[in-house]
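Asks: One structure is given below, represented as structure tokens, and several questions about it will come after.
The values are calculated or read from the model by the stated rules, or taken from the named source; none is laboratory data. As the structure is a computational prediction, the values presented were derived from the model and not from experiment. Every residue, glycine as well, gets a Cβ built from its backbone with ideal geometry; the counts of neighbours run over all protein chains shown.
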């Protein structure tokens, strides 16, 4: 896919929205003062909406990526190169560098604790989630959480696996995906399956947009915004986000005039902002103390997180993606 679209700006906006949302909980220890959380009667946060946008965009692009891949191995290799190198660096630096510097434990006790190894291995396996390190941030308002953003990555990887399995079985078509979509929406409507079903519904909603290729019209997108606004106020947001929300997100990505964010040409900093933002914000919260306002956290954290994302892209993510070109089964991918 060429870059004459808004996928990258959308993802970057979603990543920064996660930072804004987290700033309330990491400053106050609770989401109660977060505007969207208050507006939705404590049903959804701005961060949750941003994650929904991530999954919708991912559903569209990952489905397209598989359809453009020469074979399943090329698809798996491309996905691994996009997800794992930066994640490895984040986990290792947090566990082996930041952790010993920030922990309240003696360094020997810190490294002897099983939580250090678990933090790296479990999160890297993408089969579970460990959010804390021994003695790190234990006195913060949102205590003992080192990188709370990583909990969604396992569900992202599972969605990649779904596309891979459907593709290998020859079932990656609109009718099979539609049947899955209906089943997931029904389960989500009955509050079954927790976040897995919720995120699946967003991802499959994006995949449906890719496979069906419905006409994208401004009037339809505007009409979709009204039930989304009502759903947000009533707190029943998930079903409409996966349907009307998916239409709006893909319309903005493909039909609106491309937004050129200064300094981001041919880059994608969203993943770096997402995986670095939480530990940066927790460090800022520790430095500012428990009485610091959420906006003070944002003012300091955003430049720091963006700087780390810039380094991550240029030193880790982009060089890793270049490795796709050295494989015999390489074919141009969607992202």
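To keep it simple, each residue is scored yes or no on (1) outside any helix (DSSP H, G or I); (2) touching a strand residue (DSSP E or B) at 6+ places or on another chain (Cβ under 8 Å); (3) at pLDDT 95 or above; (4) buried (at least 16 other Cβ atoms within 10 Å of the Cβ).
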{"site": "55", "(1), (2), (3), (4)": "no, no, yes, yes"}
{"site": "63", "(1), (2), (3), (4)": "no, no, yes, yes"}
{"site": "86", "(1), (2), (3), (4)": "no, no, yes, yes"}
{"site": "89", "(1), (2), (3), (4)": "no, no, yes, yes"}
{"site": "97", "(1), (2), (3), (4)": "no, no, yes, no"}
{"site": "105", "(1), (2), (3), (4)": "yes, no, yes, yes"}
{"site": "109", "(1), (2), (3), (4)": "no, no, yes, no"}
{"site": "119", "(1), (2), (3), (4)": "no, no, yes, yes"}
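Asks: Here is a list of conditions, (1) touching a residue at least 12 places away in the same chain (Cβ under 8 Å); (2) more than 27 Å from residue 30 (Cα to Cα); (3) within 24 Å of the chain's Cα centre (by Cα), and residue 220 meets all of them except one; can you say which number that is?
Replies: Here residue 220 clears every test but (3).
Asks: Same structure again: I'm checking my understanding of the structure. Among residues of region 304-313 that are closer than 14 Å to residue 89 by Cα and without any contact (Cβ under 8 Å) to a residue 40 or more places away in the chain, which one is surrounded by the most Cβ atoms within 10 Å (Cβ to Cβ)?
Replies: Taking the candidates together, the pick is 308.
Asks: Determine whether residue 270 is on the phi < 0 side of the Ramachandran plot, more than 19 Å from the chain's Cα centre (by Cα) and touching a residue at least 60 places away in the same chain (Cβ under 8 Å).
Replies: Working: on the phi < 0 side of the Ramachandran plot: yes; more than 19 Å from the chain's Cα centre (by Cα): no; touching a residue at least 60 places away in the same chain (Cβ under 8 Å): yes.
Spelling it out, it is not the case that residue 270 is on the phi < 0 side of the Ramachandran plot, more than 19 Å from the chain's Cα centre (by Cα) and touching a residue at least 60 places away in the same chain (Cβ under 8 Å).
Asks: If you don't mind, there's one more thing I want to ask. Looking only at region 240-256, decide whether some residue is in contact with a helix residue (DSSP H, G or I) (Cβ under 8 Å, 6 or more places away or on another chain), part of a loop (DSSP other than H, G, I, E, B) and under 22 Å from residue 62 (Cα atoms).
Replies: To start, the set of residues in region 240-256 that are in contact with a helix residue (DSSP H, G or I) (Cβ under 8 Å, 6 or more places away or on another chain) comprises 240-253, 255.
This time we only want the ones that are part of a loop (DSSP other than H, G, I, E, B), so: 243, 255.
From what's left, under 22 Å from residue 62 (Cα atoms): 243, 255.
Yes: one or more hits.
Asks: Just one of 195, 262, 214 is closer than 30 Å to residue 135 by Cα and either modelled with pLDDT under 95 or surrounded by fewer than 23 Cβ atoms within 10 Å (Cβ to Cβ) (or both); which is it? Talk me through it step by step, then tell me what you get.
Replies: Working: 262 fails: closer than 30 Å to residue 135 by Cα; 214 fails: closer than 30 Å to residue 135 by Cα.
That would be 195, the only listed residue that is closer than 30 Å to residue 135 by Cα and either modelled with pLDDT under 95 or surrounded by fewer than 23 Cβ atoms within 10 Å (Cβ to Cβ) (or both).
Asks: Scan region 31-55 for residues that are farther than 23 Å from residue 306 by Cα and touching a residue at least 60 places away in the same chain (Cβ under 8 Å) and report the count.
Replies: Applying the first criterion (farther than 23 Å from residue 306 by Cα) to region 31-55 yields 31-33, 35-44.
Those left that are additionally touching a residue at least 60 places away in the same chain (Cβ under 8 Å): 33, 36, 39-44.
Selection size over region 31-55: 8.
Asks: Can you tell me which residues in region 239-259 are free of Cβ contacts under 8 Å to residues at least 60 places away in the same chain, surrounded by 12 or more Cβ atoms within 10 Å (Cβ to Cβ) and over 24 Å from residue 67 (Cβ atoms)?
Replies: Those that are free of Cβ contacts under 8 Å to residues at least 60 places away in the same chain, surrounded by 12 or more Cβ atoms within 10 Å (Cβ to Cβ) and over 24 Å from residue 67 (Cβ atoms): 239, 240, 244.
Asks: Let me ask something else. So which residues in region 8-44 are over 25 Å from residue 280 (Cα atoms) and crowded, with 20+ Cβ neighbours inside 10 Å, if there are any at all?
Replies: The one that is over 25 Å from residue 280 (Cα atoms) and crowded, with 20+ Cβ neighbours inside 10 Å: 40.
Asks: Might you check whether a residue that is assigned to a loop (DSSP other than H, G, I, E, B), farther than 23 Å from residue 289 by Cα and touching a helix residue (DSSP H, G or I) at 6+ places or on another chain (Cβ under 9 Å) occurs anywhere in region 6-25?
Replies: Applying the first criterion (assigned to a loop (DSSP other than H, G, I, E, B)) to region 6-25 yields 6.
Now restrict to residues that are farther than 23 Å from residue 289 by Cα: 6.
Still in the running and touching a helix residue (DSSP H, G or I) at 6+ places or on another chain (Cβ under 9 Å): 6.
Yes, region 6-25 has at least one match.
Asks: Among 178, 185, 150, which is assigned to a helix (DSSP H, G or I), touching a residue at least 12 places away in the same chain (Cβ under 8 Å), in contact with a helix residue (DSSP H, G or I) (Cβ under 7 Å, 6 or more places away or on another chain) and surrounded by fewer than 18 Cβ atoms within 10 Å (Cβ to Cβ)?
Replies: Details: 185 fails: surrounded by fewer than 18 Cβ atoms within 10 Å (Cβ to Cβ); 150 fails: surrounded by fewer than 18 Cβ atoms within 10 Å (Cβ to Cβ).
The match here is 178.
Asks: Take residue 284 and decide whether it is modelled with pLDDT of 90 or more and either surrounded by 14 or more Cβ atoms within 10 Å (Cβ to Cβ) or touching a strand residue (DSSP E or B) at 6+ places or on another chain (Cβ under 6 Å) (or both).
Replies: Values: modelled with pLDDT of 90 or more: yes; either surrounded by 14 or more Cβ atoms within 10 Å (Cβ to Cβ) or touching a strand residue (DSSP E or B) at 6+ places or on another chain (Cβ under 6 Å) (or both): yes.
Against the criterion (modelled with pLDDT of 90 or more and either surrounded by 14 or more Cβ atoms within 10 Å (Cβ to Cβ) or touching a strand residue (DSSP E or B) at 6+ places or on another chain (Cβ under 6 Å) (or both)), residue 284 qualifies.
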